[in-house]
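Engineer: Okay, here's the structure, questions in a sec.
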Amino acid sequence: MEQFFYTETMTVMNADADFRSLLKPSALLRYVEQISTDHARAFGMDDQFFKDRGVTFLVGKQALKFDRVPQRAETLTLTSRAQVSKHGSVKRITTLTDAEGKEVAMVDCRWIVASLAEGRILREPGWTVENFWNDTVEGELPLQLHKCKDGLTSAGEWTVHYSQCDLNGHLNNAFYLDLVCDALVEDECAMPGVEVAGSLTIVFDHHANDLQEKLHAIQHEYFGNIVSSMHVHLDEHMCLEVIVLRGHTELVQSIANLILGTKGVQNGKLVLTVAEHHHEHR
């Protein structure tokens with residue numbers, strides 16, 4: 001059976017890659033959101049189309065998988081297929097292939113059509129577009145969430161800011177993946193033996209007795225783990241120093257605690273990230 005599809009090529013931009021020059025999972029979701037929008041616009045379903053009907057498309061569920069994580073500056077071909085609405089859900093499968101035509105990623109997204117005036121989900125869109133919808137679209141990913149048997153541990157709280165909000169005034173679905181990735185990095189940084197890099201920011205009174213000599217002594221002792229430092233004079237008494245460290249989790253944390261515990265250091269904070277390079281990503 002003939003399948004209706006829409007295709008685009010995209011190049012992984014610098015802003016969409018992480019510190020390893022690999023495509024961020026959140027960027028993949030943004031690419032899929034964009035091709036879904038472009039597909040609809042190509043068939044006349046633009047902003048005015050939806051405004052006239054008082055409806056909008058929202059992401060209900062989605063799942064993704066990587067067969068290989070694309071690299072920065074890599075050109076990808078995205079192919080997207082939409083299925084007719086079934087029980088209020090519109091299935092859309094988007095695949096990404098590389099220059100050799102090999103599939104590197106897939107996203108299974110289930111969209112819902114919502115009435116803006118009534119604030120409810122519509123079981124059917126209420127319109128038809130020729131050569132846009134498929135009766136069925138092959139392929140799917142697991143979308144069911146399984147309850148954690150051992151319970152969940154809080155990864156903290158997050159205040160939504162201007163830059164994370166989308167056209168509907170919501171935290172955009174792609175940013176949830178950024179929050180998850182940030183939490184996973186923090187968990188990995190807490191594991192013994194993991195190679196980490198971090199910045200330690202401290203504020204201190206430079207008039208405190210022997211404080212600068214003590215700080216210099218610590219930094220000389222651990223010169224192999226202290227990559228660089230920057231010293232800033234805040235006023236005639238207070239100084240700020242940023243120290244960049246690298247090494248195994250336990251050692252970096254130990255050096256930071258040693259500096260933070262030095263008499264005269266008024267406050268400070270250590271921020272860590274994983275420094276190891278992973279060759280395989282799934």
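Engineer: Could you check Asp182 against (1) touching a residue at least 40 places away in the same chain (Cβ under 8 Å); (2) of a type in the set (Asp, Glu); (3) part of a helix (DSSP H, G or I) and say which number it fails?
Structural biologist: (1)
Engineer: Please count how many residues of segment 97-112 are of a type in the set (A, V, I, L, M) and either at pLDDT below 90 or farther than 12 Å from Val59 by Cβ (or both).
Structural biologist: The total comes to 4.
Engineer: Moving to a separate point now. Consider Cys148 against the criteria (1) part of a loop (DSSP other than H, G, I, E, B); (2) surrounded by 11 or more Cβ atoms within 10 Å (Cβ to Cβ); (3) of a type outside the set (Gly, Ala, Ser): it satisfies all of them except one. Which criterion is unmet?
Structural biologist: (2)
Engineer: With respect to Thr94, is the statement that it is polar (S, T, N, Q) and either assigned to a loop (DSSP other than H, G, I, E, B) or at pLDDT below 90 (or both) true?
Structural biologist: When the stated conditions are applied, Thr94 does not pass them.
Engineer: From the list Phe57, Phe50, pick out the single residue that is outside any loop (DSSP other than H, G, I, E, B), free of Cβ contacts under 8 Å to residues at least 60 places away in the same chain, crowded, with 18+ Cβ neighbours inside 10 Å and touching a strand residue (DSSP E or B) at 6+ places or on another chain (Cβ under 7 Å).
Structural biologist: From the options Phe57, Phe50, the qualifying one is Phe57.
Engineer: Every residue in segment 64-82 that is more than 21 Å from the chain's Cα centre (by Cα) and either under 13 Å from Val113 (Cβ atoms) or among the aromatic types (Phe, Trp, Tyr) (or both), please.
Structural biologist: Matches in segment 64-82: Ala82 only.
Engineer: If you take the residues of segment 22-48 that are out of contact with any helix residue (DSSP H, G or I) (no Cβ under 9 Å at 6 or more places or on another chain) and of a type in the set (Gly, Ala, Ser), which of them is farthest from Leu76 (Cα to Cα)?
Structural biologist: Gly44
Engineer: Something else now. Working only within segment 123-168, note down all residues that are touching a helix residue (DSSP H, G or I) at 6+ places or on another chain (Cβ under 8 Å) and small (Gly, Ala, Ser).
Structural biologist: Gly126, Ala155, Gly156 - these are the residues of segment 123-168 that are touching a helix residue (DSSP H, G or I) at 6+ places or on another chain (Cβ under 8 Å) and small (Gly, Ala, Ser).
Engineer: While we're on this one: Check Ser228 against each of (1) within 20 Å of Glu195 (Cβ to Cβ); (2) in contact with a Ser or Thr (Cβ under 8 Å, 6 or more places away or on another chain); (3) not aliphatic (A, V, I, L, M) and name the one condition it does not meet.
Structural biologist: Only one criterion is unmet by Ser228, namely (2).
The values are calculated or read from the model by the stated rules, or taken from the named source; none is laboratory data. Keep in mind it's a predicted model, so treat the numbers as computed, not measured. Here the Cβ is made from the backbone with ideal geometry for all residues, glycine too, and neighbour counts use every protein chain on show.
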